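> Please read through the structure below; I'll follow up with questions.
The values are calculated or read from the model by the stated rules, or taken from the named source; none is laboratory data. The structure displayed is predicted, hence computed values, not measured ones. As a convention, Cβ positions derive from the backbone with ideal geometry for all residues, glycine included, and neighbour counts pool all protein chains shown.
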């Protein structure tokens, strides 16, 4: 039985916006097209046609990029027969919905940062995001709640 591929976001581009912080521009565009599609699974041809409205990329470029997203564990796929059985083709669907993808990516990046830099990351997050006493108090309450939940699990 083949091993299940886990989505892996091994790159982070601090200059990238939204999905482009985790993926290349074409990968992000294709993934967004797939999420926005009402049809799942979706073919390379259907993604190619939707992408043509935004950018001019060769069919093979779209196909190779979707294969790369599959290899990264972001898309899943299966082989289907054409209606007349003359050829085979892949159909793709996202392994994670958009919100879950973003959460997973952020958890992986933050986990890596915390493993490598520990308290410095926590300090930076607090300094960057806590703007006033009310937000600091809300953060304190969340930390206390998490500590209580962890103590209950012990």
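> Does residue 72 satisfy the criteria of being under 19 Å from residue 42 (Cβ atoms), in the same structural domain as residue 40 (by TED's automatic domain parsing) and without any contact (Cβ under 8 Å) to a residue 40 or more places away in the chain?
It is false that residue 72 is under 19 Å from residue 42 (Cβ atoms), in the same structural domain as residue 40 (by TED's automatic domain parsing) and without any contact (Cβ under 8 Å) to a residue 40 or more places away in the chain.
One line per residue, one yes/no per condition, for (1) farther than 29 Å from residue 113 by Cα; (2) at pLDDT 90 or above; (3) touching a helix residue (DSSP H, G or I) at 6+ places or on another chain (Cβ under 8 Å):
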| residue | (1), (2), (3) |
| --- | --- |
| 33 | yes, yes, yes |
| 37 | yes, yes, yes |
| 51 | yes, yes, yes |
| 58 | yes, yes, no |
| 70 | no, yes, no |
| 73 | no, yes, no |
| 80 | yes, yes, no |
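> Going by what's in this entry, would residue 117 be described as modelled with pLDDT under 95, outside the structural domain of residue 139 (by TED's automatic domain parsing) and closer than 30 Å to residue 139 by Cα?
It is false that residue 117 is modelled with pLDDT under 95, outside the structural domain of residue 139 (by TED's automatic domain parsing) and closer than 30 Å to residue 139 by Cα.
> For the list (1) without any contact (Cβ under 8 Å) to a residue 40 or more places away in the chain; (2) in the same structural domain as residue 38 (by TED's automatic domain parsing), I need the number of the one condition that residue 138 fails.
Residue 138 satisfies every listed condition except (2).
> Would a scan of the stretch 42-52 turn up a residue that is without any contact (Cβ under 8 Å) to a residue 12 or more places away in the chain, closer than 19 Å to residue 79 by Cβ, assigned by TED's automatic domain parsing to the domain that holds residue 88 and surrounded by fewer than 18 Cβ atoms within 10 Å (Cβ to Cβ)?
Yes, the stretch 42-52 contains a residue that is without any contact (Cβ under 8 Å) to a residue 12 or more places away in the chain, closer than 19 Å to residue 79 by Cβ, assigned by TED's automatic domain parsing to the domain that holds residue 88 and surrounded by fewer than 18 Cβ atoms within 10 Å (Cβ to Cβ).
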